[in-house]
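Asks: So that we are looking at the same thing, I have put the structure below in structure tokens.
The values are calculated or read from the model by the stated rules, or taken from the named source; none is laboratory data. Bear in mind that the values here come from a model prediction, so they are computed numbers and not experimental data. All Cβ positions, glycine included, derive from the backbone under ideal geometry; neighbour counts span all protein chains shown.
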Amino acid sequence: MNKEYKGIIVEESLEDNRIINNLEVEKIEISGTENPSDSWHLYTVQVSKEEIDNLAKNIKPKWYMHFWKGQQVIAIFRDKQFEFDFDDR
């Protein structure tokens, strides 16, 4: 599988966070807040177009993610995707 897209996934945006176990994770960060329950778990990942399609089915309503390959960007919402060139106004 060609994992040509890079992105950051907020674990709290997922209906089922176990989907992360099947992804190629490059880095994990936890946002710094004084209240641990307000922290976000951020995963920098390398993913394929197919994995992006699966993530779009698992994202909670009102959240989004975006992935990029050079200037090409894919923004996903629950069951919706938009592809565009970063420089395209």
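Asks: Quick check on my filter: what residues within the range 13-44 are closer than 13 Å to Met65 by Cβ and modelled with pLDDT under 95?
Replies: Trp40
Asks: Another question, if that's okay. Name, by its number, the condition in (1) in contact with a Phe, Trp or Tyr (Cβ under 7 Å, 6 or more places away or on another chain); (2) assigned to a helix (DSSP H, G or I); (3) over 23 Å from Phe86 (Cβ atoms) that does not hold for Val25.
Replies: (2)
Asks: If a residue must be among the hydrophobic types (A, V, I, L, M, F, W, C), farther than 14 Å from Glu12 by Cα and assigned to a strand (DSSP E or B), how many such residues does the range 30-76 contain?
Replies: Here the count works out to 8.
Asks: May I pose another question? Within 16 Å of Phe82 (Cα to Cα), touching a strand residue (DSSP E or B) at 6+ places or on another chain (Cβ under 8 Å) and in contact (Cβ under 8 Å) with a residue 40 or more places away in the chain, is that true of Ser48?
Replies: Judged against the criteria, Ser48 is a match.
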